[in-house]
1. Pick from the range 139-160 the residues that are farther than 15 Å from Trp77 by Cβ and under 18 Å from the mean Cα position of the chain (by Cα): which of them is most open to solvent (accessible area, probe 1.4 Å)?
2. Answer yes or no as to whether Ala277 is within 26 Å of Val214 (Cα to Cα), assigned to a loop (DSSP other than H, G, I, E, B) and modelled with pLDDT of 90 or more.
3. Filter the range 201-217 down to residues that are open to solvent by 30 Å² or more (accessible area, probe 1.4 Å) and over 21 Å from Phe276 (Cα atoms), then give me how many there are.
Amino acid sequence: FVFRRGPTRPPAHGGHRRSFAPRTHRSPRINSIGDMGRGSAGKTSDETTDETMDDAPNVLERMATLFGIGVAYQGDWNLSPEWYGTQGGGWGRTEGQVIFEEVSSSGRVTVTAHPASLLPGEGEAEWRVLRFNDATRQSVARIVDGEVDAGCLATEYLKTVAAVFAAVVGARGGEVPVAGTALAIGVGGGSMVLFLNQYFPELCVQSVEIDPVVVSAARIMGAAFDIIVADANEFVVGTDGQPSSTSNDSAPYEFVYIDAFDGDDCVPRDLCGEDFAGRLASEMSPTGTLIVNLHADDEHWERTARVFRDAVGGVAFTCTCKTQGNVVLCCSRSLGEAMGQEPGVELGRTLQQQLEQQLE
């Protein structure tokens, strides 16, 4: 594994688009961010990375999927036919029942309900899926006996995001960021915030969502936490370069997660520019970590990765999630400190071990 340290900056105070057939989850591949104009996604043609990981399901895995075998937990990808739906040519079992529908700037926002397999001790269970314009599956939640199952991450990219976050914490010696210093931009159905609230209660996540209709849909999905309705660019950058009145006015952010897409399933351009990235970086702590969900088939994703890498500094890498075509970008200043004490290849091995442990 090859890692590149981003430019040094003085510390300042301050859904997925597509999926393939169900299959067993494998560890995501860690890629460096060098000259991404060369070579394949996230690595350069003249650098050496581990290419031995075969991400294609084998015959036995395909048979297990066909017969519903190999379900490891309630968010297993092999259960995705229960919730995926037939909208937009999807390979799910049914369209489900529409339980929320409203039109917003993102287009037609719906939440559909689908029957879910029961686990021992459960009385009733259903999947709820947040969609934009029918086809795009923005978020998936599992509702058990009327309550959201915060530990269920049904989409593979969110499993990768959670593993990356936990791996960074593990590489820091298990140190969890202090309370009140996390920011989530783009709430969707709230799956990631719910997960962090349950498993990392030390974090007090500040959640920002631009679309009030999406916030209403998130409530149907089980998101009961506080949500700030605001434009993320204005929230971070503010008007005329001044932070908005609702922006972070206490401690700098130790952890920032961006998962924001418009009705066309694209990252808004104003959340990819240097002004936004620079201001966001200035609101992060000297040991802060940024994680961004991107689409591998977005022609601008590599440029976006470089912009955030250059703004945040520290160590930057990507993890591909080939089951869904997502790319998870991580920029961590705390890993930059670790790199000063151990070679980059050792840091890569440490992260890979942490990822594998978390995915187990």
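The values are calculated or read from the model by the stated rules, or taken from the named source; none is laboratory data. All figures in this text were calculated on a predicted structure; none of them were measured in a lab. Note that we place each Cβ from the backbone using ideal geometry, even for glycine, and neighbour counts take in every protein chain shown. For accessibility, only protein heavy atoms count, side chains too; no ligands or nucleic acids. Shrake-Rupley method; radii C 1.70, N 1.55, O 1.52, S 1.80 Å.
1. For the range 139-160, the residue satisfying everything is Asp149.
2. The answer is no for Ala277.
3. Matching residues across the range 201-217 total 5.
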